[in-house]
Amino acid sequence: MSFSSDEVNFLVYRYLQESGFAHSAYTFGIESHISQSNINGALVPPAALLNIIQKGLQYTEAEISIGEDGSERVIESLSLIDAVMPDVVESRKQAAQKQNQQIKTEPNNTNGDDASSGPISNHNDAMEIDGTTEIPSSKATILRGHESEVFICAWNPTNDLLASGSGDSTARIWNMNDNSNSANQLVLRHCIQKGGTEVPSNKDVTSLDWNCDGTLLATGSYDGFARIWSTDGRLVSTLGQHKGPIFALKWNKKGNFILSAGVDKTTIIWDASSGHCTQQFAFHSAPALDVDWQSNTSFASCSTDQCIHVCKLGVDKPIKTFQGHTNEVNAIKWDPQGNLLASCSDDMTLKIWSMKNDTCVHDLQAHMKEIYTIKWSPTGPGTNNPNAPLILASASFDSTVRLWDVDRGVCIHTLMNHQEPVYSVAFSPDGKYLASGSFDKCVHIWNVQSGALVHSYRGTGGIFEVCWNHRGDKVGASASDGSVFVLDLRK
């Protein structure tokens, strides 16, 4: 067996993409000249790097456990760090020789063909799910068509059209209004002009958002362009001003502006009707990772530079800057009234900010690893559920989801059934339930008030995104293996 540095670099690049480290993947891809390699990425299966490491671990374990006379010795599971330590094989052999030869155990149940088996994840995670909570396959519709990982999905706010964005340089609109199957899809091909002809951009579609009345879909791509599409799949407008990948984009409530954030360290407000750049904000010193509207004309942005800026259309400088995180800020969200801003970071903290204060109102420290995303419940004053309390959900690489009472600054529930990093959380429209999606391939649905697990479904790939339809009876999810699926929660 032989391999080139280009091949190793490509597998690392794909691992970074699949793990959600979008900006790290981009930087690594540029520095390692991925685009100049002749590797056909379409032929490389998801989780290829983990699969190879997994098989290497199993080979190392086998090497240790088989004696010179061919007899098998029992050893404890080998960790990845142990496997790369000098002399570990020899020390494990010596330890194995000292063990009682009479000890008998069950055969190892790891499967070398499954990248998620063995030491990388918990074999018994399925046993921890209450049988009554599992959603039957008859209630799940698998939507196939994407040729690469699907990073994002979002329901139309007025009907059951589900949009998805993928590494195959397409977005798709799936019509689930009449229990359609996967054949009923619109393919939104992201192309660029080369020599007077349109060719596929070959870049990931990493962000998408519907306008408030569900008539238009905006997408953001690694090719540096934002695009506006109609519900029948027609390209309405191409927004070209960013100088590099777009990481996030959002419509304002009124639907007249689109806001985008990019690797070029800038955020842009676009006029949705003309497709022109209305104002570009260049206040970050590193890639801008997320944006969120506070009102129809003011917004917040966050960055790998650890800063959060609040900016307003027509104002040349930030109207407020929040500093306090000690690592990159992954996501920001205004509460439903636009009074409080929540932020989460690789520094493992969740912070709550107010325009009335220069320092954070709450510094919430409970997660043990990076916090990837956050969501506010659609509850409290000014929402359709005014009598229910306002809750904040946080999803972390520590495999947990936490629910927070922000008024008191306390964690009210820790949701712990996932076995791997949690990439997405979403509240149902009534705020009573929370869906979570993890790289353990599971979508869990929780009761917000009690913290109890209500439903579970195991897909076929790591879950990047979960979302609820406008009625709250269907959950959509997108996965690393190119699948999109819809769970029907109606009785």
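Bear in mind that the values in this text are calculations on the coordinates, not laboratory data. Treat the numbers as computed from the prediction; the structure is a model and nothing was measured. Here the Cβ positions follow ideal geometry from the backbone for every residue, glycine too, while neighbour counts run over all protein chains shown.
With each pseudo-label sitting 7 Å past Cα toward Cβ, what's the LYS139-ASN159 distance in nm, one decimal?
It is 2.6 nm.
Go ahead and run the numbers for FRET between THR297 and GLU63, Cβ-Cβ distance against an R0 of 60 Å, rounding to 0.05.
The calculated FRET efficiency here is 0.40.
If you take the Cα Rg of region 204-356 and divide it by 2.2 N^0.38 Å, with N the number of residues, what do you get?
Dividing the Cα radius of gyration by 2.2 N^0.38 Å gives 0.98.
In region 327-367, what trypsin sites (Lys or Arg not before Pro) fall in a loop by DSSP, with at most 15 other Cβ atoms inside 10 Å?
In loop regions of region 327-367 (DSSP not H, G, I, E or B), the sparsely surrounded trypsin sites (Lys or Arg not before Pro) are LYS356.
What translational diffusion coefficient, in µm²/s and rounded to a whole number, does the Stokes-Einstein relation yield for region 277-334 at 20 °C and a viscosity of 1.002 mPa s, taking the hydrodynamic radius as the Kirkwood radius over Cα pairs?
Translational D for this selection: 187 µm²/s.
What length, rounded to one decimal in nm, is gained on full extension from LYS253 through to PHE21, with 0.36 nm per residue of separation minus their alpha-carbon distance?
Result: 80.6 nm gained on full extension.
Considering the alpha-carbon set of region 1-57 alone, what are its Rg and its Dmax in angstrom?
My reading of the Cα-based Rg and Dmax gives 11.2, 32 Å.
Give the relative contact order (percent, whole number) for region 224-336; include only Cα pairs under 8 Å separated by 6+ residues.
It rounds to 17 percent for region 224-336.
Of LYS55/LYS441; LYS320/LYS441; LYS254/LYS474; LYS317/LYS369; LYS254/LYS441; LYS203/LYS320, which ones are farther than 29 Å apart at the Cα?
On the way: LYS55/LYS441 20 Å; LYS320/LYS441 40 Å; LYS254/LYS474 26 Å; LYS317/LYS369 33 Å; LYS254/LYS441 36 Å; LYS203/LYS320 34 Å.
Pairs exceeding 29 Å: LYS320/LYS441; LYS317/LYS369; LYS254/LYS441; LYS203/LYS320.
Take the Cα radius of gyration of region 348-452 and divide it by 2.2 N^0.38 Å, with N its residue count; two decimals is plenty.
1.04
Can you list, bin by bin at 5 Å, the percent of alpha carbon pairs in region 210-300, starting at 0?
Spelled out bin by bin, region 210-300 gives 3, 16, 28, 27, 18, 6, 2, 0 percent.
For region 270-368, state what percent of all Cα-Cα pairs lands in each successive 5 Å bin, counting from 0 Å until the bin that includes the largest distance.
2, 14, 24, 24, 19, 9, 4, 2, 1, 0
Hey, what D do you get for region 242-283 in µm²/s if you plug the Kirkwood alpha-carbon radius into Stokes-Einstein at 37 °C and 0.692 mPa s?
Details: Rh = 10.3 Å.
Rounded, D is 318 µm²/s.
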